[in-house]
Amino acid sequence: MSVPVNLYVDRMSPVQPVRVADVYAVTHDRASSYSEAAAKIGLTTREYAEFRQALTDGGAIYVRLPRHIDAMAGVHRRSGHVYALKNVVVPSGTMGWEVNLADGTTVIVPQICGNLSMNKPRAIAQKPRVAPRVVAMRKQPKAVRAVSYAKPAVVAATPVTFDAPQTVAPVAAAPVAAVVGSHASALPFLGLLAPIAASLPHSGSSSSTPDVPPCSAGSNLIGACRP
């Protein structure tokens, strides 16, 4: 799995929806963002219109959402840029609304963030028909060249979190031991240098700061991303 994306930071709804009417209201107030999000996660104009109509017709149900979601949109809090994540894994027990469209697509809106999401219809597995076996005397066929088929690309799962951004605690300077003899006069200067030295990077040591993904992939756990 890749670096978790913090959708508490990149949420589409500024406040947590409480009712279906709140979901409809935010899709109206932020119409351009939600329309762009619908296109980026793979919804057609007709499907998105059907989803919004279902919000007013009682077609949305409040449920525990599935862990795996095919596509979920987000909005960077600073730039306002709309992006889409594929093959998303949400925390267990996430609640929200589902709308089942006529073509089998399920539109999903997690309550905690209001981010427009979607699951594609699942194909129903059918038992293949087996042709009757015909026994006949034939000549030995010539060698057939093996044909290899490329396997479809698999999109790595993207875990998401809905937690408040982590804060980096200030590094406390280590106490300076008593200096003996002629070096006692250097104590004030050592006290000034200790915080500076603590803030400098140290070669060979691993950083505890989470990886910073590109902004096109969402914000990390501390709410940061790189252009």
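Hey, what did the stretch 5-119 get for relative contact order, percent, Cα under 8 Å, at least 6 apart?
33 percent
Give me the distance in nm between label points sitting 7 Å out from Cα along the Cα-to-Cβ direction at residue 120 and residue 157, one decimal.
Roughly 1.8 nm, to one decimal.
If the label point is 7 Å along Cα→Cβ of residue 102, which residues in the stretch 18-46 have backbone nitrogen under 19 Å from it?
Output list for this probe position: 43-46.
For residue 67 and residue 3 in one chain, what is 0.36 nm times their gap in residues minus the Cα-Cα distance, to one decimal in nm?
The span from residue 67 to residue 3 would gain 21.4 nm if fully extended.
Once the mean 1/r over all distinct Cα pairs of the stretch 5-119 is inverted, what Kirkwood radius in angstroms do you read off?
One decimal place: 13.7 Å for the Kirkwood radius.
Tell me, what is a quarter of the convex hull surface for the C-alpha atoms of the stretch 1-55, in nm² with one decimal?
The Cα convex hull of the stretch 1-55, projected and averaged over all directions, gives 4.7 nm².
Bear in mind these aren't lab numbers, they're just calculated from the coordinates by the rules spelled out. Computed from a prediction, not measured in an experiment: that's the story for all the values here. Cβ coordinates were reconstructed from backbone atoms using ideal geometry, including for glycine residues, and neighbour counts include every protein chain displayed.
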